[in-house]
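Student: This structure is in structure tokens; I'll ask about it shortly.
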């Protein structure tokens with residue numbers, strides 16, 4: 001019962017964090033573009049996320065007449081469920097589940113996320129949604145390879161699949177200083193994995209309207225957005241865990257810095273070309289991460 005309650009509380013905490021992440025993003029983008037951002041609802045726009053949530057969930061739920069009804073409705077729910085479930089792999093301490101295979105669990109969860117994208121795009125029975133879903137799936141699968149290989153390099157260093165080992169092995173020096181290039185590769189791969197600018201090809205407004213979620217409205221759209229921002233928060237936590245010393249007294253500050261970088265990139269960089277995205281994944285990231293994996297393998301065998 002205690003475990004279930006702790007999972008429920010952490011889930012609620014993540015969703016509240018997502019609400020304020022959207023506010024933070026809109027405020028920061030506003031200041032980057034020399035405007036105010038939301039500042040009417042509550043003190044300095046503090047209640048804006050809750051007003052948006054109420055508006056989205058009380059609007060009429062529409063669905064395309066030719067859509068495949070069951071997958072169309074279930075896809076956003078599963079998407080958010082998987083995004084929340086992956087938080088189990090974060091080593092909260094004695095309260096949460098702390099298995100020795102949590103890194104593999106994380107890789108399984110991000111792989112399952114691909115199916116929800118595909119289901120959402122295909123079941124809408126819209127050519128824009130389908131094209132957006134195909135782009136998002138190809139992109140996600142491509143960058144998962146880099147993420148897995150980078151993670152494998154550090155798994156060799158820490159000699160285990162338990163996420164709490166990252167904190168123990170960074171007591172004297174952060175992994176960021178051991179290989180800053182891999183940290184940069186991981187950050188860029190996270191941007192691609194979460195469909196964020198400059199890799200938001202699923203939402204190329206000029207040709208695809210809004211990508212795989214074009215036909216969604218009301219609650220379905222809200223769930224997809226919640227899922228996306230939950231993934232951003234999780235990837236930020238994971239970056240701190242793997243590269244910036246893990247759990248420490250400055251954890252929250254480091255976490256906010258990574259979240260700030262996610263938003264900063266969105267406000268700064270233009271969208272890539274799609275062929276360049278694929279070239280980056282297969283011709284740049286894959287060889288570099290493989291070379292690092294061989295290097296770390298040799299290092300571990302020697303010492």
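Student: Of the residues 294, 238, 253, only one is more than 20 Å from residue 147 (Cβ to Cβ) and at pLDDT below 95; which?
Tutor: So the residue among 294, 238, 253 that is more than 20 Å from residue 147 (Cβ to Cβ) and at pLDDT below 95 is 253.
Student: Oh, and also: Six or more apart or on different chains, Cβ under 8 Å: which pairs go from a residue in segment 57-70 that's at negative phi and free of Cβ contacts under 8 Å to residues at least 60 places away in the same chain to one that's surrounded by 12 or more Cβ atoms within 10 Å (Cβ to Cβ) and outside any helix (DSSP H, G or I)? Could you list them?
Tutor: 66/125; 68/125; 69/63
Student: If you take the residues of segment 28-59 that are farther than 20 Å from residue 260 by Cα and touching a helix residue (DSSP H, G or I) at 6+ places or on another chain (Cβ under 6 Å), which of them is surrounded by the most Cβ atoms within 10 Å (Cβ to Cβ)?
Tutor: Within segment 28-59, the match that is surrounded by the most Cβ atoms within 10 Å (Cβ to Cβ) is 56.
Student: Conditions: (1) surrounded by 18 or more Cβ atoms within 10 Å (Cβ to Cβ); (2) within 21 Å of the chain's Cα centre (by Cα); (3) more than 26 Å from residue 300 (Cα to Cα); (4) touching a residue at least 60 places away in the same chain (Cβ under 8 Å). Residue 126 meets all but one. Number of the miss?
Tutor: Exception for residue 126: condition (2).
Student: Within segment 146-169, does at least one residue satisfy the condition of being closer than 20 Å to residue 274 by Cβ and either touching a strand residue (DSSP E or B) at 6+ places or on another chain (Cβ under 9 Å) or touching a residue at least 40 places away in the same chain (Cβ under 8 Å) (or both)?
Tutor: yes
Student: Here's another thing I want to ask about it. Of the residues 276, 283, only one is at pLDDT 85 or above, farther than 20 Å from residue 149 by Cβ and either assigned to a helix (DSSP H, G or I) or under 21 Å from the mean Cα position of the chain (by Cα) (or both); which?
Tutor: Unique residue meeting the criteria: 276.
Student: Let me ask something additional. When you look at residue 172, is it at pLDDT below 90 and surrounded by fewer than 20 Cβ atoms within 10 Å (Cβ to Cβ), yes or no?
Tutor: yes
Student: Checking residue 179 against (1) touching a helix residue (DSSP H, G or I) at 6+ places or on another chain (Cβ under 7 Å); (2) crowded, with 20+ Cβ neighbours inside 10 Å; (3) in contact (Cβ under 8 Å) with a residue 60 or more places away in the chain, only one condition comes out false. Which one?
Tutor: Going through (1) touching a helix residue (DSSP H, G or I) at 6+ places or on another chain (Cβ under 7 Å); (2) crowded, with 20+ Cβ neighbours inside 10 Å; (3) in contact (Cβ under 8 Å) with a residue 60 or more places away in the chain one by one, residue 179 breaks only (2).
Student: Still on this structure, please answer the following. Being at pLDDT 85 or above and over 23 Å from the mean Cα position of the chain (by Cα) narrows it down to one of 23, 70, 28, 4, so name that one.
Tutor: 70
Student: What do you reckon, is residue 264 in contact (Cβ under 8 Å) with a residue 24 or more places away in the chain, touching a helix residue (DSSP H, G or I) at 6+ places or on another chain (Cβ under 7 Å) and either in a helix (DSSP H, G or I) or crowded, with 18+ Cβ neighbours inside 10 Å (or both)?
Tutor: In short, no.
The values are calculated or read from the model by the stated rules, or taken from the named source; none is laboratory data. Just so it is clear, the structure is predicted and the values come from calculations on it, not from any experiment. Virtual Cβ from ideal backbone geometry, glycine too; neighbours counted across all protein chains shown.
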